Amino acid sequence: MIQNLAIGQQVFTSNVFLVTGERTVLVDVGNDFDVVSETREYVDDIDAAILTHTHYDHVGTLDAVVDAFDVDVWGYDSSIDGVDHEIEDGGMVQLGDNQYEALHTPGHKNDHLCFYSPETQTLFAGDLIFANGGFGRTDLEEGDHQLLVDSIGRVLNTVDESLAEMHTGHGPSVTTNPYTDIELALQAARMRA
């Protein structure tokens, strides 16, 4: 099961996805709210924290999560404070009961990852792609618009039209034709180039 713990929060935070199952994880940990208490509303413990990237709104509560659950943190670049283990581009990571392929998708930030499960047709898109064809900012440090366009294109070429769910770093998840939202994001990002 995938549960967004940040729904209803009135603070500057990313979405925080609790993925339960054989390996219960948080995908991103958010900022400025009590993610530990929210997590414990559903489970007593988690096995890991998995990061799409390390912008503050996605990792602001990382210390609290690590302290409360005594977990390791996985991300693309272990030279970044707080990241214990690297997930390589193309590497597989277990979220809940399923294996997800890690896709290195820079453009919004150099260490950005998306996670895709062909088995369940589920994508965690981080801040690369949003609902209704939205896409990540490139005006922050490490932002690169052409890299972002290339990364969206890579995701579009990896998933297919049977994609069932896209969970984004901000805003609502997409459970109706998310492939179309990725196509729209690529078109919009190319037009803004």
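The values are calculated or read from the model by the stated rules, or taken from the named source; none is laboratory data. Just so it is clear, the structure is predicted and the values come from calculations on it, not from any experiment. Cβ sites come from the backbone with ideal geometry, for glycine too, and all protein chains shown count toward neighbours.
Taking region 172-193 as the range and being polar (S, T, N, Q) and in a helix (DSSP H, G or I) as the test, the residues that pass are 180, 187. Picking from residues in region 25-40 that are touching a Gly at 6+ places or on another chain (Cβ under 8 Å) and charged (D, E, K, R), the one that is nearest to residue 111 (Cα to Cα) is 28.
Tell me yes or no: at least one residue of region 78-85 is modelled with pLDDT under 95, surrounded by 16 or more Cβ atoms within 10 Å (Cβ to Cβ) and not acidic (Asp, Glu). Scanning region 78-85, I find no residue that is modelled with pLDDT under 95, surrounded by 16 or more Cβ atoms within 10 Å (Cβ to Cβ) and not acidic (Asp, Glu), so the answer is no. At least 2 residues being among the small types (Gly, Ala, Ser) is the threshold, and among the strands (runs of 3 or more DSSP E) wholly inside region 46-153 those reaching it are 48-50, 122-126. Just to be sure before I move on: is residue 26 of a type in the set (A, V, I, L, M, F, W, C), modelled with pLDDT of 95 or more and under 18 Å from residue 1 (Cα atoms) in the structure I sent? For residue 26, the condition - of a type in the set (A, V, I, L, M, F, W, C), modelled with pLDDT of 95 or more and under 18 Å from residue 1 (Cα atoms) - is met.
The sole residue among 39, 13 that is part of a helix (DSSP H, G or I) and either in contact with a helix residue (DSSP H, G or I) (Cβ under 6 Å, 6 or more places away or on another chain) or at negative phi (or both) is 39. Residues in region 34-45 that are under 18 Å from the mean Cα position of the chain (by Cα) and either over 14 Å from residue 61 (Cα atoms) or aromatic (Phe, Trp, Tyr) (or both): none.
Taking region 18-36 as the range and being closer than 23 Å to residue 99 by Cβ and surrounded by 16 or more Cβ atoms within 10 Å (Cβ to Cβ) as the test, the residues that pass are 18, 19, 20, 23, 24, 25, 26, 27, 28, 29.
Does at least one position in region 47-61 carry a residue that is farther than 29 Å from residue 189 by Cβ, at pLDDT 95 or above and hydrophobic (A, V, I, L, M, F, W, C)? Yes, region 47-61 contains a residue that is farther than 29 Å from residue 189 by Cβ, at pLDDT 95 or above and hydrophobic (A, V, I, L, M, F, W, C).
The rows are residues; the columns are (1) touching a Leu at 6+ places or on another chain (Cβ under 9 Å); (2) without any contact (Cβ under 8 Å) to a residue 60 or more places away in the chain; (3) surrounded by fewer than 23 Cβ atoms within 10 Å (Cβ to Cβ); (4) acidic (Asp, Glu).
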position	(1), (2), (3), (4)
2	yes, no, yes, no
12	no, yes, yes, no
16	yes, yes, no, no
38	yes, yes, yes, yes
71	yes, yes, yes, no
75	yes, yes, no, no
89	yes, yes, yes, yes
94	no, no, yes, no
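Taking the criterion of being part of a loop (DSSP other than H, G, I, E, B) and within 19 Å of the chain's Cα centre (by Cα), the residues of region 161-171 that qualify are 163, 164, 169, 170, 171.
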